[in-house]
1. When N counts the residues of region B:101-152, how does its alpha-carbon radius of gyration compare numerically with 2.2 N^0.38 Å, as a ratio?
2. Could you tell me which Cys residues in chain A have no other cysteine's Cβ under 4.7 Å from their own Cβ, answering none if every one has a partner?
3. Please work out the Cα convex hull volume for region A:88-133 and give it in Å³ per residue.
4. So what's the Cα pair-distance distribution over region A:33-156, bin width 10 Å, in %?
5. For region A:152-246, what is the convex hull (Cα atoms) projected area averaged across all directions, in square nanometres?
6. Taking only C-alpha pairs under 8 Å that are 6+ residues apart, what is the relative contact order of chain A in percent?
7. Would you mind giving the mean number of other chain beta-carbons within 10 Å of the Cβ of each residue in B:203-213, as a whole number?
8. About its Cα centre, how strong a charge dipole does the protein assembly as shown have in debye, to the nearest 20, once Lys and Arg get +1 and Asp and Glu get -1 at the Cβ?
Amino acid sequence: MGYSVTKVIAITGKGGTGKTAVAALLIRSLSKKGKFLLAVDADADTNLPETLGCEDVKTIGDAKEYLQAEITKPRPDNPDMNKEAVLKSKVYEIIEEMPGYDLLVMGRPEGSGCYCYVNNLLRGIMDKLITNYEVVIIDAEAGLEHFSRKIIRDIDDLIVVTDASRRGFRTAERIHELVDELDSNVGRIHVIANKVTDTNSEKLVKLAEDLKLNMIGMIPLDPKIEEMDIKGVPLFEIPDDSVAAVEIESIVKKLGF
Amino acid sequence: MAEFPFEISPMFEGERVRKEGMFVELGGPKSLGLELVRAKPMDEIVDDKVTIVGPDIKEMEEGKTYPWAMIFNIGGELVEPDLESVVERRVHDFINYCQGIMHLNQRYDVWMRVSKDTAAKLDSFEPFGKAVMMLFKTELPFIEKMQVTFYTDQAEVEKQMVEAKEIFKARDARTKDLHDEDVDVFYGCTLCQSFAPTNVCVVSPDRVSLCGAINWFDGRAAAKVDPEGPQFSIDKGELLDAKTGEYSGVNDIAKKLSSGEFDKIKLHSFFDSPHTSCGCFEVVGFYIPEVDGIGWVNREYQGMAPNGLGFSTMAGQTGGGKQIVGFLGIGVNYFYSPKFIQADGGWNRVVWLPSMLKEKIAETIPDDIKDKIATENDATDIESLKAFLQEKNHPVVATWAAAEEEEEEEEEEEEEAEEVAVAAAPMMMPAAGFQMPAMASMPMMSAGKAGGIKITFKKAKISIDRMVISEKK
């Protein structure tokens, strides 16, 4: 099975910059190229599943709560339960099988108890699961919580999405700093400027240079995306010739595909 | 391993067979799936035999889900029924070593998928059965003979399921009856050491981990798979004291893993060399000196305990991997242990529990003490707790009289004795910067009724540069 090398790409950034849209467009582009990939929604606030046209998905959070409740029962029915096998089964069960790729949603944050043990089991399961795929694309919240917990250990490319706002860039800078504190291995860090217009593109380039951020793409403000959003059409169905989809193709090339 | 039509390797563990690439699904959420290992006498086993009851893989329709049961019989000089569950756990591993076969879950929830690629190479489940048995006999050499029956017929699987559930029930009953004295090995867990560096979680059959998540069986399974991992075995060594649960092996590991900070951990003791507390414990116990009893508060309880503190405050002071005499973090399951703080009176020492916790664990509280343990509905401070215990004649009340007599005698004998006996525990002090570990050396903490002086502080703020205590010559 599997791939000896799995490329893990995490996409993060300040809320509202359109990082979920960028993640969805990358997933769309790579799966269309026949790359077998796992899409991970690791931000409880986002809606990657809806953006991909998938609703009512179960989450890793649900699986963790299930196991946690089961194993901290005062009197477990089966003290010798194979907890790893049970959690793995739950995780494999919630993986949504989409045409050409799989989708996994991390979901809600933990309850109040101690999740060290469950997270440790989950880490082992994720390590092996990831090897099933050629590419893993993670839509991550700016705090990078799942990485600090090392649920997913290594990232090859970390992409920070920003809009033209100063705060978007600040977040990018902070993420840069955060990465240094993480135990996870992060290969390269890139920035994608999103919602770029003729008036702000120069400013964006300069900001990136000032902050020494490596810009690998500038996605123009695409009226098509807004239109699809209002109509409730999943972004996955965006036409190939839309300006955003065209720019994504160039980014995908720069990422080595 | 050229004799098998598919590849076999641990690297296939975790392999996901997707719906698109799947030939058939066996058991799982939409059907019945069972696995069971039975120990049998050698002469009842035909070694290496695979029997298939119901349609074989060639008779199965692509894309369909079938019920599935697999019963492995094992025999050998060293094979005994207690090993069944140990062997059964490995079914998951060994089936996953087979390329193109995905195995998930356990017992009566088994879920398998066979990939199209692998199915194309199989005329029957027979080579699959033989491959799995080969792995068992290679990795677990005490298995001398093994045979397996696969059931794919709905009625047969249902029948096997009913029988198996009875077997699991009996096995679980035996499991629950396992005690510290029945085993030679305990397990340690250092998952919490990242934030509680000197914490040494010792898991024994009569003591669940503080987080409640890891019992002795989990320790055993994890330590076998990855002996260098966070869960590892501890040879319990010599039994030094049965009552307190002191073992030489546990002391050794306590010394080693706490970097010399402690040299003893007594598993069933509250006061003397108690278990360290990590910070993730489900429940924290606290000594209430005024009543010489112990109260417990669980993480979910939002209110205050009679000592004026809530869970998070006590957890903050108790955690960090220290032995804090007067506080003890535990997993809820430890209430069910027959050795529950037996060194310090067990249930007879318990005076207070939040009502939600008391209800949750009601079945394990001995009947004669159940009504004598107060909840927040009976007592919210020391005075009301005292009154409640007195009214119900809780066993700790008997110790009060004895303690008072001693105190009176002391007062008569030592006129100069300065006693500050007021009615609140030191942990009630809101004073910031109070060093909890200092309490460990306070006499009142180490012995409720051992005589000597009793000092209780109230609203005190103490800073001591140096204190010398010496025996009266």
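1. 1.27
2. A:C54, A:C116
3. In region A:88-133, the Cα convex hull volume per residue is 76 Å³.
4. The calculated distribution, bin by bin, is 12, 45, 33, 9, 1, 0.
5. Computed as one quarter of the Cα hull surface, the answer is 7.3 nm².
6. Here the relative contact order equals 28 percent.
7. Per residue, the average neighbour count from other chains is 4.
8. 2140
The values are calculated or read from the model by the stated rules, or taken from the named source; none is laboratory data. Because the structure is predicted, anything quoted here is derived from the model rather than measured. Counting neighbours? That spans all protein chains shown, and the Cβs are built from the backbone with ideal geometry, glycine included. We work out accessible area using only protein heavy atoms, side chains counted, and drop any ligands, DNA or RNA first. Shrake-Rupley method; radii C 1.70, N 1.55, O 1.52, S 1.80 Å.
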